[in-house]
Amino acid sequence: MNPIRKALIGYRIMAWTTGVWLIALCYEMVLKYLVHVDNPPNWIAIVHGWVYFVYLLSTANLAVKVRWPIGKTVGVLLAGTIPLVGIIVEHVQTGDIKERFDL
């Protein structure tokens, strides 16, 4: 399998996974600080943190393979910190990479 295609698949999976866990984390924060629920599920933050770490690694792997400039790489890395933005950025970047590398 093409190394760029392989890196792109890993990035896409992690972008979606990070997005879903970030939404879950926002849900936990709403329960904790707005609804004042006692004992919200604190483990969601831990899982999201580890998932985001793997997202950083997979995004950096893809960035090296497709030779993104550092500014673009940092922007894509930070997109995973804003709910739904990481998923939108993934969609745009996937289309760009598929077009550039004829995947």
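The values are calculated or read from the model by the stated rules, or taken from the named source; none is laboratory data. Given the structure is predicted, the values throughout are model-derived calculations rather than measurements. Neighbour counts are summed over all protein chains in view; Cβ atoms, including those assigned to glycine, are modelled from backbone coordinates with ideal geometry. Protein only, heavy atoms only, side chains kept; ligands, DNA and RNA dropped before computing areas. Shrake-Rupley method; radii C 1.70, N 1.55, O 1.52, S 1.80 Å.
Here are a few things to note about the model shown:
- Compared with the dominant Cα axis of the chain, that is its longest principal axis, helix 3-29 is turned about 20°.
- Normalised contact order of segment 5-86, rounded percent, pairs of Cα under 8 Å and 6 or more residues apart: 42 percent
- Simple rule: put +1 on each Lys or Arg Cβ and -1 on each Asp or Glu Cβ in segment 1-78, find the dipole, and look at V20, W43, T73; the Cα lying farthest toward the positive end is T73.
- Apportionment of accessible area to carbon and sulfur, the chain, percent (1.4 Å): 70 percent
- Å² of accessible area per residue within the chain, as computed with a 1.4 Å probe and no ligands counted: 62 Å²
- Förster-model FRET efficiency, 25 Å R0, V92 and I46, C-beta, rounded to 0.05: 0.25
- Folded to 0 to 90 degrees: helix 43-66 orientation relative to the chain principal axis, Cα: 10 degrees
- Calculated [θ] (222 nm, deg cm²/dmol) that DSSP helices of n ≥ 4 give over the chain, each run adding -39,500 (n - 2.57): -26000 deg cm²/dmol
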